[in-house]
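These notes concern the structure reproduced below.
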Amino acid sequence: MLFSESFIFTAREDPKTADCTSHKLLLKGCFLYMVSSGIYSYLPLGHRVLENVSNIIRKHMNACGAQEILMSALQPIEMWQKTGRDKDLEEVMFKFKDRKNRDLCLGPTHEEEITEIVAKFLTSYKQLPFTLYQIQAKFRDEPRPRFGLMRSAEFIMKDAYSFDIDEEGLALNYEKMLGAYKKIFTECGLEFVEVKADSGVMGGDVSHEFMVAAAIGEDELFYCDKCKQYFKESGKCCNCKLDLKEVKTVEIGHVFKLGAKYSKVGGAMFLDNKGKSQPVIMGCYGIGVSRILPAIVQTNHDDKGIIWPKGISPFDVSILILSDGAKENAIEISGTLEDLGISTLVDDRPLSAGVKFNDAYLIGNPFVVVVGKNFINSGKLDIEVRKTKEKLCFTKDEAIDFLKKEYGK
(Lines give C-alpha, C1' and ligand atoms only; values in the text may rest on other atoms or scores of the structure.)
Protein backbone atom coordinates (compact mmCIF):
# COMPACT_ATOMS: atom_id res chain seq x y z
CA MET A 1 0.00 0.00 0.00
CA LEU A 2 1.34 3.41 -0.97
CA PHE A 3 0.76 6.03 1.71
CA SER A 4 0.08 8.63 -1.02
CA GLU A 5 -2.85 6.53 -2.29
CA SER A 6 -4.24 5.58 1.10
CA PHE A 7 -7.06 7.07 3.18
CA ILE A 8 -4.74 7.87 6.10
CA PHE A 9 -4.73 11.42 7.43
CA THR A 10 -2.85 11.60 10.72
CA ALA A 11 -3.26 14.62 12.99
CA ARG A 12 -0.44 16.75 14.38
CA GLU A 13 -2.34 17.91 17.44
CA ASP A 14 -4.02 15.77 20.09
CA PRO A 15 -7.80 15.62 19.56
CA LYS A 16 -9.69 17.68 22.12
CA THR A 17 -12.46 15.07 22.38
CA ALA A 18 -10.10 12.31 23.59
CA ASP A 19 -10.40 11.40 27.27
CA CYS A 20 -7.60 8.80 27.57
CA THR A 21 -4.38 7.77 25.84
CA SER A 22 -5.86 5.00 23.68
CA HIS A 23 -8.71 7.24 22.55
CA LYS A 24 -6.24 10.00 21.67
CA LEU A 25 -3.90 7.76 19.67
CA LEU A 26 -6.64 5.92 17.77
CA LEU A 27 -8.16 9.24 16.69
CA LYS A 28 -4.84 10.97 16.03
CA GLY A 29 -3.54 8.01 14.03
CA CYS A 30 -6.64 7.98 11.80
CA PHE A 31 -7.85 4.58 12.99
CA LEU A 32 -11.28 5.92 13.97
CA TYR A 33 -13.69 8.71 13.21
CA MET A 34 -15.96 9.86 16.00
CA VAL A 35 -19.44 10.23 14.51
CA SER A 36 -20.89 11.31 17.84
CA SER A 37 -20.35 10.58 21.52
CA GLY A 38 -20.09 6.79 21.85
CA ILE A 39 -20.45 6.20 18.07
CA TYR A 40 -17.45 5.48 15.84
CA SER A 41 -16.55 4.61 12.26
CA TYR A 42 -13.56 2.35 11.63
CA LEU A 43 -11.28 3.92 9.02
CA PRO A 44 -8.95 1.73 6.89
CA LEU A 45 -6.23 1.40 9.56
CA GLY A 46 -8.74 0.68 12.32
CA HIS A 47 -10.66 -1.77 10.17
CA ARG A 48 -7.49 -3.71 9.36
CA VAL A 49 -6.72 -4.04 13.08
CA LEU A 50 -10.32 -5.02 13.84
CA GLU A 51 -10.18 -7.71 11.14
CA ASN A 52 -6.86 -9.04 12.47
CA VAL A 53 -8.35 -9.39 15.96
CA SER A 54 -11.54 -10.94 14.54
CA ASN A 55 -9.58 -13.47 12.50
CA ILE A 56 -7.55 -14.55 15.54
CA ILE A 57 -10.83 -15.10 17.37
CA ARG A 58 -12.26 -17.03 14.40
CA LYS A 59 -9.18 -19.25 14.23
CA HIS A 60 -9.49 -20.36 17.83
CA MET A 61 -13.30 -20.62 17.80
CA ASN A 62 -13.16 -22.78 14.68
CA ALA A 63 -10.43 -24.91 16.26
CA CYS A 64 -12.90 -25.65 19.08
CA GLY A 65 -15.45 -26.85 16.54
CA ALA A 66 -17.64 -23.75 16.86
CA GLN A 67 -19.62 -22.72 13.78
CA GLU A 68 -19.98 -19.07 12.77
CA ILE A 69 -23.39 -17.51 12.15
CA LEU A 70 -24.73 -13.95 11.97
CA MET A 71 -27.91 -13.03 13.82
CA SER A 72 -30.14 -10.02 13.32
CA ALA A 73 -29.43 -6.67 14.95
CA LEU A 74 -33.18 -5.94 15.02
CA GLN A 75 -35.12 -8.00 17.54
CA PRO A 76 -38.80 -8.09 18.58
CA ILE A 77 -39.38 -7.09 22.19
CA GLU A 78 -41.58 -10.16 22.64
CA MET A 79 -38.60 -12.50 22.81
CA TRP A 80 -37.14 -10.38 25.61
CA GLN A 81 -40.41 -10.36 27.50
CA LYS A 82 -40.32 -14.16 27.72
CA THR A 83 -37.20 -14.05 29.89
CA GLY A 84 -38.04 -10.80 31.66
CA ARG A 85 -34.82 -9.22 30.55
CA ASP A 86 -36.71 -6.45 28.79
CA LYS A 87 -36.99 -5.02 32.32
CA ASP A 88 -33.47 -5.99 33.44
CA LEU A 89 -31.87 -4.16 30.51
CA GLU A 90 -34.56 -1.56 29.97
CA GLU A 91 -32.31 1.41 30.71
CA VAL A 92 -29.75 0.52 28.05
CA MET A 93 -31.99 -0.88 25.29
CA PHE A 94 -32.71 1.12 22.15
CA LYS A 95 -36.48 0.55 21.65
CA PHE A 96 -38.78 1.81 18.91
CA LYS A 97 -41.82 0.93 16.76
CA ASP A 98 -41.63 0.23 13.04
CA ARG A 99 -44.24 1.34 10.50
CA LYS A 100 -46.27 -1.78 11.25
CA ASN A 101 -46.40 -0.75 14.89
CA ARG A 102 -44.21 -3.67 15.98
CA ASP A 103 -42.17 -3.13 19.14
CA LEU A 104 -38.50 -3.68 18.28
CA CYS A 105 -35.07 -3.11 19.78
CA LEU A 106 -31.48 -3.06 18.64
CA GLY A 107 -29.94 -6.16 20.18
CA PRO A 108 -27.74 -5.46 23.20
CA THR A 109 -26.98 -9.21 23.30
CA HIS A 110 -28.36 -12.40 21.73
CA GLU A 111 -29.16 -15.13 24.25
CA GLU A 112 -32.89 -14.91 23.55
CA GLU A 113 -32.52 -15.02 19.78
CA ILE A 114 -30.05 -17.91 19.66
CA THR A 115 -32.33 -19.91 21.94
CA GLU A 116 -35.28 -19.35 19.60
CA ILE A 117 -33.17 -20.40 16.60
CA VAL A 118 -31.98 -23.60 18.25
CA ALA A 119 -35.51 -24.38 19.50
CA LYS A 120 -36.67 -24.35 15.88
CA PHE A 121 -34.25 -27.06 14.76
CA LEU A 122 -33.31 -29.12 17.83
CA THR A 123 -35.26 -32.35 18.36
CA SER A 124 -32.94 -35.16 19.48
CA TYR A 125 -29.96 -35.73 21.77
CA LYS A 126 -28.22 -37.10 18.67
CA GLN A 127 -27.85 -33.51 17.40
CA LEU A 128 -25.87 -32.46 20.48
CA PRO A 129 -23.41 -31.03 21.38
CA PHE A 130 -22.66 -28.02 19.17
CA THR A 131 -21.44 -24.45 19.56
CA LEU A 132 -22.47 -21.42 17.50
CA TYR A 133 -20.79 -18.02 17.48
CA GLN A 134 -20.97 -14.65 15.77
CA ILE A 135 -18.97 -11.43 15.51
CA GLN A 136 -21.48 -8.61 15.34
CA ALA A 137 -22.39 -5.08 16.38
CA LYS A 138 -24.31 -4.66 19.64
CA PHE A 139 -26.15 -1.58 20.82
CA ARG A 140 -26.52 -0.19 24.34
CA ASP A 141 -27.77 3.24 25.33
CA GLU A 142 -24.83 4.01 27.59
CA PRO A 143 -25.63 6.77 30.09
CA ARG A 144 -22.02 7.94 29.95
CA PRO A 145 -20.03 6.87 26.87
CA ARG A 146 -16.33 7.41 27.49
CA PHE A 147 -12.79 6.27 26.80
CA GLY A 148 -13.52 5.86 23.10
CA LEU A 149 -14.25 2.26 22.13
CA MET A 150 -13.92 1.16 25.74
CA ARG A 151 -17.47 2.21 26.59
CA SER A 152 -19.54 3.08 23.55
CA ALA A 153 -23.15 2.89 22.39
CA GLU A 154 -22.33 0.67 19.42
CA PHE A 155 -19.63 -1.97 19.74
CA ILE A 156 -18.40 -5.21 18.19
CA MET A 157 -18.70 -8.41 20.19
CA LYS A 158 -17.95 -12.06 19.67
CA ASP A 159 -20.62 -14.09 21.39
CA ALA A 160 -20.60 -17.88 21.36
CA TYR A 161 -23.22 -20.29 22.70
CA SER A 162 -22.69 -23.95 23.52
CA PHE A 163 -25.52 -26.50 23.65
CA ASP A 164 -25.15 -29.76 25.56
CA ILE A 165 -27.15 -32.72 26.79
CA ASP A 166 -26.16 -32.25 30.43
CA GLU A 167 -24.02 -30.32 32.90
CA GLU A 168 -21.11 -32.68 32.33
CA GLY A 169 -21.05 -31.77 28.64
CA LEU A 170 -21.30 -28.07 29.50
CA ALA A 171 -18.32 -28.41 31.85
CA LEU A 172 -16.22 -29.84 29.00
CA ASN A 173 -17.26 -27.08 26.59
CA TYR A 174 -16.68 -24.43 29.25
CA GLU A 175 -13.11 -25.61 29.87
CA LYS A 176 -12.51 -25.77 26.13
CA MET A 177 -13.61 -22.17 25.77
CA LEU A 178 -11.50 -21.02 28.72
CA GLY A 179 -8.49 -22.53 26.95
CA ALA A 180 -9.39 -20.86 23.66
CA TYR A 181 -9.75 -17.48 25.36
CA LYS A 182 -6.29 -17.75 26.87
CA LYS A 183 -4.85 -18.46 23.41
CA ILE A 184 -6.79 -15.57 21.83
CA PHE A 185 -5.73 -12.95 24.36
CA THR A 186 -2.13 -14.17 24.34
CA GLU A 187 -2.01 -13.94 20.54
CA CYS A 188 -3.44 -10.41 20.80
CA GLY A 189 -0.43 -9.46 22.91
CA LEU A 190 -2.42 -8.81 26.08
CA GLU A 191 -1.34 -9.53 29.65
CA PHE A 192 -4.61 -10.71 31.14
CA VAL A 193 -6.02 -12.10 34.36
CA GLU A 194 -8.76 -14.73 34.65
CA VAL A 195 -11.00 -14.36 37.71
CA LYS A 196 -14.26 -15.82 38.96
CA ALA A 197 -17.11 -13.39 38.48
CA ASP A 198 -20.76 -12.63 39.19
CA SER A 199 -23.17 -13.81 36.49
CA GLY A 200 -25.39 -10.71 36.84
CA VAL A 201 -28.35 -10.37 34.47
CA MET A 202 -26.96 -13.14 32.25
CA GLY A 203 -27.89 -15.78 34.79
CA GLY A 204 -26.27 -19.14 35.49
CA ASP A 205 -24.22 -20.28 38.45
CA VAL A 206 -20.61 -20.14 37.18
CA SER A 207 -18.87 -17.23 35.48
CA HIS A 208 -15.33 -16.04 34.72
CA GLU A 209 -14.00 -12.70 33.53
CA PHE A 210 -10.82 -11.93 31.62
CA MET A 211 -9.33 -8.62 32.70
CA VAL A 212 -6.46 -6.37 31.60
CA ALA A 213 -4.81 -3.95 34.01
CA ALA A 214 -5.28 -0.36 32.79
CA ALA A 215 -5.48 3.04 34.46
CA ILE A 216 -8.82 3.75 32.75
CA GLY A 217 -10.34 0.52 34.06
CA GLU A 218 -13.79 0.74 35.64
CA ASP A 219 -13.37 -2.55 37.49
CA GLU A 220 -10.91 -3.27 40.26
CA LEU A 221 -8.99 -6.32 41.38
CA PHE A 222 -6.64 -6.83 44.30
CA TYR A 223 -3.14 -8.17 43.73
CA CYS A 224 -0.69 -9.99 45.97
CA ASP A 225 2.96 -9.16 45.29
CA LYS A 226 4.17 -12.40 46.84
CA CYS A 227 2.03 -15.14 45.31
CA LYS A 228 1.20 -13.08 42.18
CA GLN A 229 -2.52 -13.84 42.51
CA TYR A 230 -5.48 -11.55 41.78
CA PHE A 231 -8.62 -11.46 43.92
CA LYS A 232 -12.07 -9.89 43.63
CA GLU A 233 -12.20 -9.05 47.35
CA SER A 234 -9.87 -6.76 49.35
CA GLY A 235 -9.27 -9.06 52.28
CA LYS A 236 -5.73 -9.78 52.94
CA CYS A 237 -4.35 -12.42 50.59
CA CYS A 238 -5.92 -15.74 51.55
CA ASN A 239 -2.68 -17.51 50.62
CA CYS A 240 0.02 -15.24 52.05
CA LYS A 241 -1.98 -13.14 54.55
CA LEU A 242 -0.35 -10.00 53.12
CA ASP A 243 -2.08 -6.74 52.23
CA LEU A 244 -3.33 -6.58 48.65
CA LYS A 245 -2.78 -3.79 46.11
CA GLU A 246 -5.75 -2.31 44.28
CA VAL A 247 -5.47 -2.58 40.47
CA LYS A 248 -7.79 -0.91 37.94
CA THR A 249 -8.82 -3.33 35.20
CA VAL A 250 -10.75 -3.50 31.94
CA GLU A 251 -12.97 -6.48 31.09
CA ILE A 252 -12.21 -7.96 27.66
CA GLY A 253 -14.04 -11.28 27.96
CA HIS A 254 -16.74 -12.95 30.04
CA VAL A 255 -17.95 -16.56 30.03
CA PHE A 256 -21.00 -18.07 31.71
CA LYS A 257 -22.54 -21.43 32.49
CA LEU A 258 -26.18 -20.61 31.74
CA GLY A 259 -27.62 -24.06 32.37
CA ALA A 260 -31.30 -24.28 31.37
CA LYS A 261 -32.29 -20.68 32.17
CA TYR A 262 -32.98 -19.70 28.56
CA SER A 263 -33.80 -23.09 27.08
CA LYS A 264 -36.71 -23.70 29.45
CA VAL A 265 -38.28 -20.33 28.68
CA GLY A 266 -37.43 -20.37 24.97
CA GLY A 267 -38.57 -23.94 24.39
CA ALA A 268 -35.18 -25.31 23.33
CA MET A 269 -35.98 -28.94 24.21
CA PHE A 270 -34.78 -32.30 22.94
CA LEU A 271 -35.69 -35.95 23.39
CA ASP A 272 -33.07 -37.88 25.37
CA ASN A 273 -32.08 -41.50 24.75
CA LYS A 274 -35.13 -42.63 26.72
CA GLY A 275 -37.53 -40.48 24.70
CA LYS A 276 -38.02 -37.96 27.50
CA SER A 277 -38.14 -34.21 26.75
CA GLN A 278 -35.24 -32.27 28.31
CA PRO A 279 -34.08 -28.63 28.16
CA VAL A 280 -30.76 -28.16 26.38
CA ILE A 281 -27.93 -27.04 28.69
CA MET A 282 -26.30 -23.79 27.53
CA GLY A 283 -23.10 -21.84 27.97
CA CYS A 284 -22.36 -18.30 26.80
CA TYR A 285 -18.94 -16.89 25.90
CA GLY A 286 -18.37 -13.21 25.07
CA ILE A 287 -15.37 -11.18 23.91
CA GLY A 288 -15.42 -7.42 23.46
CA VAL A 289 -13.78 -7.39 20.02
CA SER A 290 -13.76 -3.62 19.55
CA ARG A 291 -12.73 -3.16 23.19
CA ILE A 292 -9.55 -5.16 22.52
CA LEU A 293 -8.22 -2.30 20.36
CA PRO A 294 -8.07 0.32 23.13
CA ALA A 295 -7.00 -2.37 25.63
CA ILE A 296 -3.96 -3.10 23.46
CA VAL A 297 -3.16 0.57 22.82
CA GLN A 298 -3.62 1.55 26.47
CA THR A 299 -0.98 -0.99 27.48
CA ASN A 300 1.25 -0.80 24.37
CA HIS A 301 2.35 2.75 23.58
CA ASP A 302 5.07 5.30 24.22
CA ASP A 303 5.31 9.07 23.90
CA LYS A 304 5.54 8.75 20.11
CA GLY A 305 2.52 6.59 19.44
CA ILE A 306 1.09 3.08 19.33
CA ILE A 307 3.18 -0.11 19.53
CA TRP A 308 1.01 -2.81 17.95
CA PRO A 309 1.87 -6.49 18.56
CA LYS A 310 2.79 -8.55 15.52
CA GLY A 311 -0.29 -10.05 13.90
CA ILE A 312 -2.50 -7.24 15.18
CA SER A 313 -0.94 -4.18 13.50
CA PRO A 314 -2.59 -2.68 10.40
CA PHE A 315 0.56 -3.49 8.41
CA ASP A 316 3.56 -5.60 9.29
CA VAL A 317 6.15 -3.11 8.03
CA SER A 318 6.35 0.64 7.39
CA ILE A 319 8.76 1.43 4.56
CA LEU A 320 10.02 5.02 4.50
CA ILE A 321 11.46 6.50 1.30
CA LEU A 322 14.00 9.08 2.47
CA SER A 323 16.05 9.70 -0.64
CA ASP A 324 15.44 10.80 -4.22
CA GLY A 325 15.62 7.84 -6.57
CA ALA A 326 14.78 5.29 -3.85
CA LYS A 327 11.09 4.86 -4.68
CA GLU A 328 11.63 2.13 -7.26
CA ASN A 329 13.79 0.14 -4.83
CA ALA A 330 11.29 0.61 -2.02
CA ILE A 331 8.40 -0.62 -4.18
CA GLU A 332 10.49 -3.63 -5.25
CA ILE A 333 11.23 -4.49 -1.59
CA SER A 334 7.55 -4.00 -0.75
CA GLY A 335 6.52 -6.35 -3.55
CA THR A 336 8.93 -9.05 -2.36
CA LEU A 337 7.59 -8.81 1.19
CA GLU A 338 3.97 -8.78 0.05
CA ASP A 339 4.59 -11.94 -2.00
CA LEU A 340 5.79 -13.56 1.25
CA GLY A 341 2.58 -12.53 3.03
CA ILE A 342 4.22 -9.63 4.91
CA SER A 343 2.05 -6.53 4.49
CA THR A 344 3.68 -3.15 3.92
CA LEU A 345 2.81 0.55 4.03
CA VAL A 346 5.21 2.48 1.78
CA ASP A 347 5.52 6.15 2.71
CA ASP A 348 6.17 7.70 -0.69
CA ARG A 349 4.85 11.16 0.22
CA PRO A 350 6.98 14.20 -0.70
CA LEU A 351 7.39 15.14 2.97
CA SER A 352 10.31 15.51 5.37
CA ALA A 353 11.95 12.57 7.09
CA GLY A 354 10.72 13.88 10.44
CA VAL A 355 7.08 13.80 9.37
CA LYS A 356 7.44 10.29 7.97
CA PHE A 357 9.11 8.96 11.13
CA ASN A 358 6.50 10.64 13.34
CA ASP A 359 3.65 9.04 11.39
CA ALA A 360 5.36 5.63 11.38
CA TYR A 361 5.77 5.78 15.16
CA LEU A 362 2.21 7.03 15.65
CA ILE A 363 0.64 4.30 13.48
CA GLY A 364 2.79 1.74 15.26
CA ASN A 365 3.57 -1.02 12.76
CA PRO A 366 6.13 -3.40 14.33
CA PHE A 367 9.01 -2.66 11.94
CA VAL A 368 10.18 0.52 10.20
CA VAL A 369 12.40 0.00 7.14
CA VAL A 370 14.29 3.04 5.84
CA VAL A 371 15.22 3.21 2.17
CA GLY A 372 17.48 6.25 2.06
CA LYS A 373 20.97 7.46 1.24
CA ASN A 374 22.54 4.52 3.05
CA PHE A 375 20.80 2.17 0.62
CA ILE A 376 21.68 4.29 -2.43
CA ASN A 377 25.35 4.52 -1.40
CA SER A 378 26.04 1.12 0.16
CA GLY A 379 23.00 -1.09 -0.47
CA LYS A 380 22.15 -1.17 3.24
CA LEU A 381 18.66 -0.87 4.73
CA ASP A 382 18.08 0.53 8.20
CA ILE A 383 15.43 -1.31 10.23
CA GLU A 384 13.98 -0.11 13.52
CA VAL A 385 12.05 -2.46 15.80
CA ARG A 386 9.15 -0.36 17.06
CA LYS A 387 8.75 -2.18 20.38
CA THR A 388 12.37 -2.29 21.52
CA LYS A 389 13.67 0.72 19.50
CA GLU A 390 16.53 -1.54 18.38
CA LYS A 391 18.17 -0.28 15.18
CA LEU A 392 19.60 -2.75 12.68
CA CYS A 393 21.41 -2.46 9.36
CA PHE A 394 21.10 -5.13 6.66
CA THR A 395 21.56 -5.72 2.97
CA LYS A 396 18.26 -6.11 1.11
CA ASP A 397 18.45 -9.92 1.20
CA GLU A 398 19.41 -9.93 4.88
CA ALA A 399 16.54 -7.59 5.70
CA ILE A 400 14.04 -9.80 3.89
CA ASP A 401 15.39 -12.90 5.65
CA PHE A 402 15.15 -11.11 9.01
CA LEU A 403 11.50 -10.17 8.42
CA LYS A 404 10.69 -13.65 7.11
CA LYS A 405 11.95 -15.14 10.37
CA GLU A 406 10.05 -12.58 12.47
CA TYR A 407 6.80 -13.56 10.76
CA GLY A 408 7.52 -17.26 10.38
CA LYS A 409 7.41 -17.16 6.58
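The values are calculated or read from the model by the stated rules, or taken from the named source; none is laboratory data. As the structure is a prediction and not an experimental result, all values here were calculated from the model. Note that each Cβ is placed from the backbone with ideal geometry, even for glycine, and that neighbours are counted across all protein chains shown.
Quick check: anything in region 4-20 of a type in the set (V, I, T) and exposed (fewer than 14 other Cβ atoms within 10 Å of the Cβ)? There is at least one residue in region 4-20 that is of a type in the set (V, I, T) and exposed (fewer than 14 other Cβ atoms within 10 Å of the Cβ).
Name the one entry in V49, V35 that is β-branched (V, I, T), at pLDDT 95 or above and surrounded by fewer than 13 Cβ atoms within 10 Å (Cβ to Cβ).
V35
Of all residues in region 24-33, those being within 11 Å of G148 (Cβ to Cβ), touching a residue at least 24 places away in the same chain (Cβ under 8 Å) and outside any loop (DSSP other than H, G, I, E, B) number 4.
Rundown of residues vs (1) within 26 Å of K183 (Cβ to Cβ); (2) without any contact (Cβ under 8 Å) to a residue 40 or more places away in the chain; (3) assigned to a loop (DSSP other than H, G, I, E, B); (4) hydroxyl-bearing (S, T, Y), yes/no style:
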{"position": "V49", "(1), (2), (3), (4)": "yes, no, no, no"}
{"position": "I57", "(1), (2), (3), (4)": "yes, no, no, no"}
{"position": "Q75", "(1), (2), (3), (4)": "no, yes, no, no"}
{"position": "L104", "(1), (2), (3), (4)": "no, yes, no, no"}
{"position": "Q136", "(1), (2), (3), (4)": "yes, no, no, no"}
{"position": "R144", "(1), (2), (3), (4)": "no, yes, yes, no"}
{"position": "M157", "(1), (2), (3), (4)": "yes, no, no, no"}
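If only residues of region 359-406 that are closer than 23 Å to F9 by Cβ and out of contact with any Ser or Thr (no Cβ under 8 Å at 6 or more places or on another chain) are counted, the one that is surrounded by the fewest Cβ atoms within 10 Å (Cβ to Cβ) is Y361.
So that you can scan it fast, the table gives a plain yes or no per residue for (1) more than 30 Å from S22 (Cβ to Cβ); (2) assigned to a helix (DSSP H, G or I); (3) small (G, A, S); (4) at pLDDT 95 or above:
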residue	(1), (2), (3), (4)
S318	no, no, yes, yes
N365	no, no, no, yes
L392	no, no, no, yes
I400	yes, yes, no, yes
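Among the residues that make up region 277-284, is at least one of them part of a loop (DSSP other than H, G, I, E, B), crowded, with 24+ Cβ neighbours inside 10 Å and in contact with a Pro (Cβ under 6 Å, 6 or more places away or on another chain)? No, region 277-284 contains no residue that is part of a loop (DSSP other than H, G, I, E, B), crowded, with 24+ Cβ neighbours inside 10 Å and in contact with a Pro (Cβ under 6 Å, 6 or more places away or on another chain).
Taken over region 1-20, the criterion of being of a type outside the set (S, T, N, Q) and without any contact (Cβ under 8 Å) to a residue 40 or more places away in the chain is satisfied by E5, F7, F9, A11, R12, E13, D14, P15, K16.
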